[in-house]
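Let me begin by presenting the structure, written as structure tokens, before commenting on it.
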Amino acid sequence: MPHPERWRDSCDPFALPYRIFQPMEILGYPHAGNDVFRARGCYLGAPVTAYIKVARQRSADLGNEMRLLRQLNAPCFPTVLDGDEERGSFSVTAELPGNRLSVILGEHHASTALPYREAYGEALAMIHRMRPVAAPQKERRFHHPPSEEQLVALGLTRLATFFANRPRGGRTVFCHGDFHYANVLWTAQRPSAILDFELAGWGDRDFDIAWALFLRPGQQFLKTREEMEHFLDGYRRLEACDERAVRFYMAQCYVHFLAFAGSDHEYADDVRGYLSAL
């Protein structure tokens, strides 16, 4: 998968305290919250293409990600090659094949996305069936309903009663924590790589589904109720879910995202359209 040239100041990937991996050349700089480098290097005497991730955000937990990836035994999960598991300061994982849905579907998402939608939902259900040794998920602001002040600032006070009726805690499962289109790569209409397990741990199944389903800025698929239903059809092949709770948590996430939508009027209109139908 191609990546852009250097787009911000970052650390020096050649200065990290590697034990096994040896970087030889930086091939690209993926857009991410942390410093991420696509690199060509040497691992156990063999050439390899890998991703070097260096903690930049306070919320980064690369140690958690490495501990979990060492337990997840499937071809779609990256192999840990090196890293600082104790402090979680950096990690190195082997590159996996595939492209994001945004690249594969392009402008033709409506006519060609059906097989992807259902496989997308099924992949999340597969993760929810796993039983690794993991800690509970760390709380994030998205896990909580918006405050009264947020609703007033966004002109959404009519939703105060809606958010006061929060669903009871759903089934606790192993959650990915950041399962969305940018963290899943595809080959031949199947997920070939599931990335970024920093936020993974035991948590609420229905919130994890909602986090996968709600629309991100610039996203051109999973925009309609029909598309969401196809995702849920795929999920239900393996697991059950509480669709009412999923839609509640989607609304919760939308309000938080609307607060920093800025000048993205198209996205704000999509979000307000979803919220107006509640």
Angstrom value of the Kirkwood radius, inverse mean 1/r, which spans all Cα pairs in segment 187-278: 14.5
Please give me, ordered by residue number, the chymotrypsin sites (Phe, Trp or Tyr not before Pro) of segment 1-103 that lie in loop per DSSP and have at most 12 other Cβ atoms within 10 Å. Trp7
Counting only the heavy atoms of the protein chains, how much of Arg100 is accessible to a 1.4 Å probe, in Å² to the nearest 10? 70
Using alpha-carbon coordinates, inclination of helix 225-236 to the longest axis of the chain, degrees: 60
Here the gain from full extension of Cys42 to Arg141, 0.36 nm per residue of separation minus their alpha-carbon distance, amounts to 31.6 nm
Rg to Rh quotient for segment 1-142, alpha carbon positions, Kirkwood Rh: 0.98
Per 0.36 nm of contour for each residue apart, how much would the distance between Ala164 and Ala188 grow if the chain were fully extended, relative to their Cα-Cα spacing? 4.3 nm
Are there any GluC sites (Glu not before Pro) in segment 135-222 that are in a DSSP loop and have at most 13 other Cβ atoms within 10 Å? List them by number. Glu139
Once both axes come from the Cα atoms, what is the angle between helix 243-258 and the longest principal axis of the chain, in degrees from 0 to 90, rounded to 10? 70
Before I look further, what does the chain give for accessible area per residue, probe 1.4 Å, in whole square angstrom? 49
Using only the Cα atoms, work out Rg/Rh for segment 65-219, with Rh taken as the Kirkwood radius, to two decimals. 1.01
In the chain, carbon and sulfur make up what percent of the accessible area (probe 1.4 Å)? 51
Per-pair calculated FRET efficiency, R0 = 22 Å: His3 and Leu114 via Cβ, rounded to 0.05: 0.15
For the chain, what is the Kirkwood estimate of the hydrodynamic radius, computed as the reciprocal of the mean inverse distance between distinct Cα atoms, to one decimal in Å? 19.9
With x for Gly and Pro, the residue-by-residue ³J(HN,Hα) of segment 11-19, computed from phi through the Karplus equation 6.51 cos²θ - 1.76 cosθ + 1.60 at θ = phi - 60° and given in whole Hz, is 6, 8, x, 7, 9, 6, x, 5, 10
To the nearest 0.05, how large is the calculated FRET efficiency for Ser276 and Arg87 if R₀ is 51 Å and r is the Cβ-Cβ distance? 0.65
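The values are calculated or read from the model by the stated rules, or taken from the named source; none is laboratory data. As the structure is a prediction and not an experimental result, all values here were calculated from the model. Cβ atoms come from the backbone with ideal geometry, glycine included; neighbour counts cover every protein chain shown. The protein model used for the area step is the full one, side chains on, heavy atoms only, and it has no ligands, DNA or RNA in it. Shrake-Rupley method; radii C 1.70, N 1.55, O 1.52, S 1.80 Å.
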